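Everything on this sheet refers to the single structure shown next.
Readers should treat all values here as calculations from the given coordinates under stated rules, not as data from a laboratory. Computed from a prediction, not measured in an experiment: that's the story for all the values here. Because the Cβ atoms are built from the backbone with ideal geometry, glycine has one as well, and the counts that use them run over all protein chains shown.
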Amino acid sequence: MSEIIKVGMADLKTCLPPNGITTLGLGSCVGIALRDKNNKVGGLAHIMLPDSTVIANQTNVAKFADTGIVELLKQMEKFGAVRRNVVAKIAGGATMFALSSRTNLNVGERNVEAVKAKLKELGIPILAEDTGLNFGRTVVFYPETGDYVIKAVGKPEKVI
Amino acid sequence: MSDLSLSDVTQNYYDVLKEIGNIGAGNAMTALSQMLGCKIDMGVPQVDLLDFSDVGTAIGGEEQIMVGVFLGVEGDITGSMLFLVEQKSAKYLINKVMMGMGDPGEEFTEMELSAMQEVGNIITGAYLNSLSTLTNLKIYPSPPALTVDMAGAILSVPAIEFGIYGDQILMIQSKFFDEVQIDGYFILVPDVESYKKILTSLGLPV
């Protein structure tokens, strides 16, 4: 029996096949799915903000792109994942409301940039992405196959 | 960044927001009642300080489709404000505003979305006006932006702003009744600098 593990906002978890892992209603946040392509150890992080270093309160490492990815990788390594075999797929980072006056509303964009920069720094290739635009996404990741299923309101389901 | 961090933003912060929320939501409901030309009863606003992980469950699930009206707040204080209504409630509300001329389907027409945006504009305007009167600060709402999407996705916007200060979000839930019950939520997120101004204007030491 396989189950679907749920990851909340500013949260991260590891996942082993045949289980899947999901996070619901990603808006400007980014869902980073990591997977060791050899032993299929997987994990998902739901980050909210790009950079932990500019914020005083950073008790929750899963909240930030930089610390969240590192922590997820660390937890996956406990299950035998090897960093050089790890690949990533990312989704989210939407701009939910287009208001020119509030510049921090483009946090979605900045989240995506920060995630890409951190993955690059760690040498983790991004295999696929579904980011930006102006709608929310629910994602389900299956470490067995590496499929990253993306659902959005009023749009057909897609797999990246 | 301000030198004020979450460790300083203690219980006071939430108490003040709570009181502002009570007054604001009350005024917003009065405005709605005048607009609809009928009496609307409002339940006691429920103020919740929620962990990010509980936000979705509190409003019927992250995937619950909702209508969100978002405004920037400018003037003496800055921040943002969100008015959130569950899809069916929004549909009912719009139909009422349009005097029964709304579309019967589940989807929203352009006209309905426009009407909803105006409803959001008026009632958040009333909310912010009462805050302005209370604090004697100039508060100007920006034109509203509207979206129909999953609750989790819409709420990520204010959650991210709260996320800068901590791991919880303050939500003021106002239920309003006419023949049916309508669940609406107001979320006010002042920037940290504005929080100081609000406290000072209310005569509280910072």
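Quick notes on this one:
- Residues A:Leu122 and B:Thr133, FRET efficiency given R0 of 41 Å [Cβ-Cβ distance, rounded to 0.05]: 0.20
- Restricting region B:35-137 to trypsin sites (Lys or Arg not before Pro) that sit in a DSSP loop and have at most 12 other Cβ atoms within 10 Å of their own Cβ leaves B:Lys39.
- Net charge of neighbours whose Cβ lies under 12 Å from the Cβ of B:Gly68, counting Lys and Arg as +1 and Asp and Glu as -1: -2
- Calculated over region B:50-95, the projected area of the Cα convex hull averaged across directions stands at 4.4 nm².
- Scanning residues 5 or more positions from A:Asp130 or on other chains, those with amide H under 5 Å from its amide H are A:Ile90, A:Ala91, A:Gly92, with H placed 1.01 Å from N in the peptide plane.
- Mean projected area in nm² (Cα convex hull; one quarter of hull surface) for region B:10-159: 9.2
- Bridgeable aspartates and glutamates around A:Lys74 (alpha carbons under 14 Å apart, same-chain partners fewer than 8 residues away excluded): A:Asp36, A:Asp66.
- Binning the C-alpha pair distances of region A:56-155 at 10 Å intervals from 0 yields a P(r) profile of 13, 40, 35, 10, 1 %, listed from the shortest bin outward.
- Cα long-axis angle, helix B:192-201 against chain B (0 to 90 degrees, to the nearest 10): 80
- For region A:1-96, the mean projected area of the C-alpha convex hull, equal to one quarter of the hull surface, is 6.4 nm².
- Checking the Cα-Cα distances for B:Lys175/B:Lys197; B:Lys18/B:Lys196; A:Lys6/A:Lys118; A:Lys89/A:Lys116; A:Lys13/A:Lys120 against a 19 Å cut-off, the pairs over it are B:Lys175/B:Lys197; A:Lys6/A:Lys118; A:Lys13/A:Lys120.
- Volume per residue that the Cα convex hull of region B:109-189 spans, once the total is divided by residue count, Å³: 134
- Calculated FRET efficiency, A:Val54 to B:Met99, Cβ-Cβ distance, R0 = 41 Å: about 0.20 to the nearest 0.05.
- Each Lys and Arg Cβ is given +1 and each Asp and Glu Cβ -1; about its Cα centre, region A:4-159 then shows a dipole of about 160 debye.
- Tilt relative to chain A, helix A:65-78 - C-alpha long axis, 0 to 90 degrees, to 10: 10
- Taking Lys and Arg as +1 and Asp and Glu as -1, the other residues whose beta-carbon sits under 13 Å from that of B:Ile169 total -4.
- Environment charge at A:Asp51 (Cβ cut-off 14 Å; Lys +1, Arg +1, Asp -1, Glu -1): 0
- 10 Å binning of all Cα-Cα separations within the protein assembly as shown, expressed as whole percents from 0 upward: 5, 25, 31, 22, 12, 4, 0
- Loop sites in region B:112-206: trypsin sites (Lys or Arg not before Pro), DSSP, at most 15 other Cβ within 10 Å: B:Lys138
- With Cα atoms, 0 to 90° folded angle of helix A:107-122 axis to chain A main axis: 40
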